[in-house]
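Participant: Once you've had a glance at the structure underneath, I'll fire off some questions.
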Amino acid sequence: MNMNFLRKLPIPQEVKKEYPVSDAMAKTKAARDEEICRIFRGESDKLILVIGPCSADAREPVLEYISRLARVQEQVKDKILIIPRIYTNKPRTTGEGYKGMLHQPDPAAHEDMLKGIVSIRELHRTALADYGFSCADEMLYPENHRYLSDLLSYVAVGARSVEDQQHRLTASGLDIPAGMKNPTGGDLMVMMNSIRAAQTSHTFLYRGWEVVSNGNPYAHAILRGYTKFDGSNCSNYHYEDLCQLSELYAKTGLKNPAVIVDTNHANSAKKYLEQPRIAKDILHSRRQSDELRCLVKGLMIESYLIDGTQKIAADGSYCHGQSITDPCLGWEKTERLILDMADVL
């Protein structure tokens, strides 16, 4: 094979034993999991808000951001359930660029997967222990999910992964909601087929084991816009798009029809400052239709401490709290948006 095997990494069970979840943390996560699932079952009318940096690049600014979210969550807890984004691995369209904290716990240093595994577990662990947040991460590598499986309350399968068999089958074995994004080309039936696969029981190979999944009734759609053949962006968050998705759910007969709408990516044409307007547009659509109010369970927003994005300097320096991948809303705009949303719910 044309690869060098550097070292054998510890299995998830070993990492979990060294960096354990306490009984109190497990209890907090279980309560949050149940509250989130009640929303997907239609037993709670709270709005889910999956929000945070495009990528978690450093421990301190991410935890500072989460501490601020915790304060806002207390203010809006009757209407909004916040699930912080701690996205620790990032898909790269061409394979180049920063691949996330899993690969580089220090974005200015060389890749170190062992340090990365420990760093991402400790970051999610601190968010749960210190701030009461079980968080969201992207399931970019299905075989790595078990390093965080006792800490996460939500996973997303990205637009480039949603048609992959292993992602679908692994999602079918999770006991937390798994959001399946529409692919970059916008084919909604690809997304719907992935939801059906994730809601179904399967026998497959996972981490060297033959396993049987039970099917995940909380697998659901994420609309994130799409890209046309000429490279231009098209949105799919409008009232008509949501009605079309509702019709697709009715035809397919899937469990717990639900969608989380991503306000960035192709939906905003990567114009991150459009996210507040888009979020309010989606909430307006929910108010116009009981059907859409039941379907749209929440929003996904990219937000960090400082507006915009940046590149890491040649000497490795960069401003902590500002995204080094896609641009994000800064904190002041984020806080205002969350409070404004709560006012109209």
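Values quoted throughout were computed directly from the atomic coordinates according to the rules given, and no laboratory measurement underlies them. On a predicted model such as this, the values are computed, not experimentally measured, just so you know. FYI the Cβ positions are ideal-geometry reconstructions off the backbone, even for glycines, and counts take in every protein chain you see.
Participant: Out of everything in segment 1-50 that is closer than 17 Å to Ser153 by Cβ and among the hydroxyl-bearing types (Ser, Thr, Tyr), what residue ends up being surrounded by the fewest Cβ atoms within 10 Å (Cβ to Cβ)?
Facilitator: Out of the qualifying residues, it is Ser22.
Participant: Residues that are farther than 25 Å from Lys8 by Cα, touching an Asp or Glu at 6+ places or on another chain (Cβ under 8 Å) and surrounded by 14 or more Cβ atoms within 10 Å (Cβ to Cβ): does segment 83-95 have at least one?
Facilitator: yes
Participant: Please find, within segment 149-171, the residue that is surrounded by the fewest Cβ atoms within 10 Å (Cβ to Cβ) out of those that are out of contact with any Cys (no Cβ under 9 Å at 6 or more places or on another chain) and closer than 21 Å to Ile83 by Cα. I'd like the intermediate steps shown before the answer.
Facilitator: Taking segment 149-171 first, the residues out of contact with any Cys (no Cβ under 9 Å at 6 or more places or on another chain) are 149-150, 155-171.
Then keep just the ones that are closer than 21 Å to Ile83 by Cα; that gives 149-150, 155-159, 171.
Details: Ser149: 15, Asp150: 18, Val155: 25, Ala156: 26, Val157: 27, Gly158: 23, Ala159: 25, Ala171: 31.
Here the answer is Ser149.
Participant: Within segment 327-339, is there a residue that is part of a strand (DSSP E or B) and in contact (Cβ under 8 Å) with a residue 60 or more places away in the chain? Steps first, please.
Facilitator: Kept after step one, since they are part of a strand (DSSP E or B), are these residues of segment 327-339: 328-329.
Cutting the leftovers down to in contact (Cβ under 8 Å) with a residue 60 or more places away in the chain gives us 328.
Yes, there is a match, as at least one residue in segment 327-339 is part of a strand (DSSP E or B) and in contact (Cβ under 8 Å) with a residue 60 or more places away in the chain.
Participant: Can you tell me how many residues in segment 1-29 are basic (Lys, Arg) and within 25 Å of the chain's Cα centre (by Cα)?
Facilitator: Taking segment 1-29 first, the residues basic (Lys, Arg) are 7-8, 16-17, 27, 29.
Still in the running and within 25 Å of the chain's Cα centre (by Cα): 16, 27, 29.
The number of residues fulfilling the criteria is 3.
Participant: Looking for whichever is of a type outside the set (Lys, Arg), outside any helix (DSSP H, G or I) and over 18 Å from Arg196 (Cβ atoms) here; the options are Asp130, Asp150. Which one fits? Please lay out each step first, then the result.
Facilitator: Values: Asp130 fails: outside any helix (DSSP H, G or I).
Just a single option satisfies the conditions, and that option is Asp150.
Participant: For segment 207-261, give me the residue count where each residue is acidic (Asp, Glu) and surrounded by 15 or more Cβ atoms within 10 Å (Cβ to Cβ). Talk me through it step by step, then tell me what you get.
Facilitator: First, pick out the residues of segment 207-261 that are acidic (Asp, Glu): 210, 230, 240-241, 247.
After this cut, where a residue has to be surrounded by 15 or more Cβ atoms within 10 Å (Cβ to Cβ) as well, the list is 241.
The total comes to 1.
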